[in-house]
Each structure stands twice: as C-alpha cells, then as structure tokens.
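The values are calculated or read from the model by the stated rules, or taken from the named source; none is laboratory data. Predicted, not measured: the structure shown is a model, and the values here were computed from it. Here Cβ is always computed from backbone atoms with ideal geometry, including for glycine, and neighbour counts include all displayed protein chains.
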Amino acid sequence: MKNKFNTFTKGFDYLETNEKEPLDLIRNPKYRRKDLEIEARTLNHWDKMDLLLNKNVTGAWYTFSLSESFWLKIIQKLRAYNLPLEIIKQLKDYLNSNSTVEENTKIDDDLAEFFLSKDASLTRKEFEKYFKSEEFLDFFQKLKPTYLENILLDLIVTRSDQRILINEFGEVNFYKADNILDLENQKKLNEFLGKTHLNISLYEIIKELVKDLGEEECSEYHNILSKDEAMVLKLLKQEDISKVEITFNDKTKKAESIKITKTNSVSNLSKVQDLILRNGYQDISIKTQKGKVVHCTNTTKYKLDTE
C-alpha cells in the first residue's frame, strides 16, 4: 500500500503543479504528427474515415493533445491486428462521449484511503458526501470528462493495468485488474475471456507514447515512468551501444546500477580525448591498427536509486 500511495502522490503533485485544472494537462494541443511518427497519408485517411477525436475541418497542420495522441496510438495498435475501421469508429464514439455523473462519483477504495491518510480530520463519510455535493456536481458539469480522458488520468495517477478486450463479433469489454466485480459481472467477464478475443494493454500503449513523445514531455514528469526508469530509457536511446549490464542488490533484489558500453569508431587520438572530456570518467579501451586508433570502447556506470 505504501508504494501505491507514493505513486498516487507523484501523480497528483504533477497534476496540481502543471495546470490549473487536471484535464487541461491532457487537453492542451501541443503535439504534431511527426512527434507521433504517423505518416501524413495515414492520418488523412483516418480523418476522412472519421476516426480522429476532433476532425480537421480547417485543413491546417494537425496538432494533438495528450488524450488525442493516446487515442492515435490505440488506433495503431488495433490496426496492427487488422481490426475493421468500423469497429474502431464505434469504439471512438464511445470513448469520446462524456462519462456520467454516476460513474464519476464511484469511489475507489485505494484512492479514498490515500486522501484520508492526507487529512486525519476527514472521515470516510465526509469524503463520500463531497462526491454527491452540489459543488462537485457543478465542477463535473464544467469539465465534462470523456471516458477516454478518465482512463488516461487514471493511468497517469495509478499506473493501473487497464485493457481493451475485443471479441470476434466486435464486442468490446474494458478490463481493470484491480476492479472487484460482483458475481454477475465477473461471470460475464469470464465468459468473454473464455472465447477468442484481442487483449490490448492501455498501459503498454502509454509506455510507447512516452517513448515517442520524448523525455521532456512524457517521462518522469508525467509520472508514468519513475526517475530511474526515465533515465534508463534515455540511456538506451543513445547510439553505438554494444552492451548493457544491470547490477542487482542481493538483499533488496532491486537494480542498483547500470553499465552502458559503447563502441565508437575514431580516426585519431584527438577524438578519443574528446570522448574522455565529453563523457567524464569511464573504463576505456582502445584498439589500434597500423599505428592508428580505429576503435574506442568506453563503459560508463550509472548509479540507480535503491531507496
């Protein structure tokens, strides 16, 4: 529970410090097609098929919010399984519709415990009462969150295992690992899972989106990756990597350091000196041929947070 509370804290801190309202964070259009690595003709086709959350009626450059980018990645995943465009459009229409007050007033027990732990004077009854208050209803009516936005915010805050399940008849089911269902709904889910179906991980899509949009916008700052995870991702994006070594602590069983070995082709000693000055202290080996430096292998060790 402590680890889960730490995750919640980071998520809410980010939402509170980066935008005036939580949904502003995921509604602000600031990403372009090239950021998402989608071909123009593909995007234009999806636009004509009415698959985009917001149709490009002006013909201007496409710009996408985080939620729109998330949806585009979902389309890519579904098309990779040759799912018909008509089924994708039906899914879009549902996800792009506004969620109901009843659904947004459902209280997650873990989140409730988290908020109660922040304020000892607050009781569970008072907490539940707020979600039925006129103040909250007015707030909800103002924001009008969609189902997709709710899913995305939940992923950012909780990193939960959420999935889209689609069977051979095009029927869709949304699955969240931590959800406790009543017997009737659990039976329906088991029947669904017992037949042929696609199982699309939304958390995996978010991780792909993090990689595509870059560290500054979508790494540890979006609370989807921890600081160490973001650093490892950044290291793995470097060029000329020949070997990666991760050392684990015998007692904690956690990764405590990572070694990155790179092989650089160099033509003279001055370039080796440049590598040393640019990258700081490393283990360096040099290969020469006919008296000239041809390869420089350098291994750099990075310490991870084991707390």
* Among (1) modelled with pLDDT under 80; (2) crowded, with 16+ Cβ neighbours inside 10 Å - the single one I260 does not satisfy -> (1)
* For the stretch 88-97, which residues satisfy the criterion of being in contact with a strand residue (DSSP E or B) (Cβ under 7 Å, 6 or more places away or on another chain) and surrounded by 15 or more Cβ atoms within 10 Å (Cβ to Cβ)? -> L91, L95, N96
* Would you check if there is a residue in the stretch 57-76 being touching a residue at least 60 places away in the same chain (Cβ under 8 Å) and part of a loop (DSSP other than H, G, I, E, B)? => no
* Asked: Does the stretch 127-147 contain any residue that is in contact with a Pro (Cβ under 9 Å, 6 or more places away or on another chain), assigned to a helix (DSSP H, G or I) and either touching a residue at least 12 places away in the same chain (Cβ under 8 Å) or over 28 Å from W71 (Cβ atoms) (or both)?
  -> yes
* On the given criteria, is Y203 part of a helix (DSSP H, G or I) and within 24 Å of I74 (Cα to Cα)? -> yes
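Which one of these is touching a helix residue (DSSP H, G or I) at 6+ places or on another chain (Cβ under 7 Å) and assigned to a helix (DSSP H, G or I): L165, L152, L181?
L152
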* Structure fact -> Pairing a residue in the stretch 188-199 that is more than 10 Å from N167 (Cβ to Cβ) with any residue that is surrounded by 10 or more Cβ atoms within 10 Å (Cβ to Cβ) and modelled with pLDDT of 85 or more, where Cβ atoms lie under 6 Å and the two sit 6 or more apart in sequence or on different chains, gives N199/R163; N199/L165
* Asked: Among the residues of the stretch 78-88, is any under 17 Å from R41 (Cα atoms), in a loop (DSSP other than H, G, I, E, B) and either at pLDDT below 90 or in the same structural domain as I200 (by TED's automatic domain parsing) (or both)?
  -> no
* Asked: Does the stretch 93-110 contain at least one residue that is more than 26 Å from the chain's Cα centre (by Cα) and more than 26 Å from L25 (Cα to Cα)?
  -> no
